[in-house]
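The structure appears right after this line, and notes come after that.
The values are calculated or read from the model by the stated rules, or taken from the named source; none is laboratory data. Values in this document were obtained by computation on a predicted structure and should not be read as measured data. Here the Cβ positions follow ideal geometry from the backbone for every residue, glycine too, while neighbour counts run over all protein chains shown. Accessible surface is based on the protein model in full, side chains and every heavy atom, while ligands, DNA and RNA are left aside. Shrake-Rupley method; radii C 1.70, N 1.55, O 1.52, S 1.80 Å.
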Amino acid sequence: MEVKVVKNILAQNESIAEENQRIFKENGIFAVNLMSSPGSGKTSILERTVGLIKDELKVGVVEGDICTTADADRLKKFEIQIVQINTEPFGGDCHLEAHMLQKALDCLDLSSIELLLIENLGNLVCPAEFKLGEDQRVAILSITEGEDKPLKYPLIFRVADLLLINKIDLEKHLEVDVQQIVENVAKINPELPVIKLSAKSGEGFDQWKEWLVRGVKERTS
Amino acid sequence: MSIVDSLIKIILEEWKRQGEKGRVSRINIQVGKLTAIIPRTFQFCFNILAKDTVLENAQLEIAEVPVKVKCSQCNSVREIDEPVFVCPECGEKALEIVSGRELFIESFELV
Ligand SMILES: Nc1nc2c(ncn2[C@@H]2O[C@H](COP(=O)(O)OP(=O)(O)OP(=O)(O)O)[C@@H](O)[C@H]2O)c(=O)[nH]1
Ligand SMILES: [Mg+2]
Ligand SMILES: [Zn+2]
């Protein structure tokens, strides 16, 4: 006997994501989901961003980290609200899901957060499929990863609202064609805004900060 | 993994609704080509997670859905087979994805 189902496999995740989005709206929070390969610089960008912005905006951070609390520890010095999502030990998880974020939100005082930065797990595939209920999705690509990454993982560049090209300080030391990266991204998504920056030197952070501040203003106005 | 997990949950729920009778022998799903799901890996994960359930040994029939885009200029809907989002008709780059992101369970077979 054939049983008709016709159901989106991700439906449950999507309905929890919608609840999260409602929570963000109610609390006047601008939530940003940072997605990249392992080692592209998510935590480094967070560290510099929080340092730059914490006197102006009330920032909270959700750290998705496989197994360890190392990334969350790097942010402790800032005395902001941080919650760590413990994913499967030994790397069973490869992305955050909406229900994990929802649990993490319970640990935060949401009324005193304006900007919530979420570090997803290092992976370019699954995070693109799993909405968390965030307002904006930011993909990060570092110039050391090769010019062809966008062509190999098109979906993430298609669903992202902004692309940060990190480690731009290394451009002069490497044989990498940053323009080629930008062109390949444009083949996938010509409307995707791009900011080139370096978590090491701080180059490009004015523009990134402006983007975040604008997002918070739009949410709270 | 958690995609497979959700798939199994949905089918088990439906199986209960059907009166908890029989075993599932086949599952028909639609997977868009943009989802980066590899059918072989998917079946592999499924075999592990379905063990000791009524879904054990079920065959996954995975229908791959091509990537189709709709052009904002000439309105034509065309299939693209490489990740370059340019309208094959007029060269326009502002395209809307109309298919290729599916992750749908269509039906399953009870025996
Ligand atoms: N030269 C240079 N190195 C950087 C930059 N940003 C990050 N790094 C280095 O890249 C490595 C990885 O950075 P992380 O910030 O830990 O990367 P991540 O994306 O958080 O990594 P995971 O959480 O493991 O996925 C570290 O050794 C950083 O010091 C940059 O802008 N320039
Ligand atoms: Mg990190
Ligand atoms: Zn066209």
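Data table
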read-out: Threshold 50 Å² - residues in segment A:1-44 whose accessible area is reduced by that much or more when the chain is no longer isolated, probe 1.4 Å; value: A:1, A:2, A:3, A:5, A:7, A:9
read-out: Karplus (6.51, -1.76, 1.60) ³J(HN,Hα), θ = phi - 60°, over segment B:67-74, in Hz, Gly and Pro reported as x; value: 7, 10, 10, 10, 7, 7, 8, 9
read-out: Quotient of Cα Rg and 2.2 N^0.38 Å for chain A, N being how many residues it contains; value: 1.02
read-out: Over segment A:2-220, relative contact order from alpha-carbon pairs under 8 Å, at least 6 apart, %; value: 26
read-out: Gap separating the Cα centres of segment A:1-44 and segment A:50-83, nearest whole Å; value: 21
read-out: Antiparallel DSSP beta bridges within chain A, percent to nearest 5; value: 0
read-out: Folded to 0 to 90 degrees: helix B:2-17 orientation relative to chain B principal axis, Cα; value: 60
read-out: Size of the B/A contact, given as accessible area buried on both chains, probe 1.4 Å, in Å²; value: 2600
read-out: Sorted largest first, extent of segment A:105-170 alpha carbons per principal axis (Å); value: 42, 29, 18
read-out: Helix-only [θ]222 nm of chain A, DSSP H runs n ≥ 4, -39500 (n - 2.57) each, per residue, nearest 500; value: -11000 deg cm²/dmol
read-out: Surface share of carbon and sulfur [accessible, 1.4 angstrom probe, percent] for segment B:1-95; value: 47
read-out: In segment B:1-36, the trypsin sites (Lys or Arg not before Pro) that fall in loop regions by DSSP, at most 15 other Cβ within 10 Å; value: B:21, B:23
read-out: Amide H within-cut-off set for residue A:65, under 5 Å, with H built and near neighbours excluded; value: A:85, A:87
read-out: Cα-based radius of gyration of segment B:58-108 once divided by 2.2 N^0.38 Å, which approximates compact folds; value: 1.40
read-out: Residue A:130 long-range amide H proximity, modeled H, under 5 Å; value: none
read-out: Amide H within-cut-off set for residue A:31, under 5 Å, with H built and near neighbours excluded; value: A:116, A:135, A:136
read-out: Residues along segment B:49-87 losing 40 Å² or more of accessible surface when the other protein chains are present rather than the chain by itself (probe 1.4 Å); value: B:83, B:85
read-out: Candidate lysines - alpha carbon under 29 Å from residue A:172, same-chain residues fewer than 8 apart omitted; value: A:42, A:149, A:152, A:187, A:196, A:200, A:209
read-out: Karplus 3J(HN,Hα) series, Hz, for segment A:165-170 with 6.51 cos²θ - 1.76 cosθ + 1.60 (x for Gly, Pro); value: 9, 9, 6, 5, 4, 8
read-out: In degrees, nearest ten, helix B:39-50 long axis to first principal axis of chain B (Cα); value: 30
read-out: Whole-angstrom gap from segment B:1-80 to segment A:150-192, using each part's C-alpha centre; value: 31
read-out: Segment A:44-58 - phi-based ³J(HN,Hα) in whole Hz, Karplus 6.51/-1.76/1.60, Gly and Pro as x; value: 4, 5, 4, 4, 5, 5, 4, x, 6, 10, 5, 7, 9, 10, 7
read-out: Probe 1.4 Å, accessible area per residue of chain A, Å²; value: 44
read-out: Within chain B, percent of DSSP bridges classed antiparallel, to nearest 5; value: 70
read-out: Within chain A, longest stretch clear of exposed GluC sites (Glu not before Pro) (DSSP loop, no more than 11 other Cβ within 10 Å); value: A:80-174
read-out: Sequence-distant aspartates and glutamates (8 or more away, or on other chains) whose Cα lies within less than 13 Å of residue B:70; value: B:79, B:89, B:92, B:96
read-out: Å³ per residue enclosed by the Cα convex hull of chain B; value: 105
read-out: Filtered trypsin sites (Lys or Arg not before Pro), segment B:38-111: DSSP coil and at most 14 other beta carbons within 10 Å; value: B:51
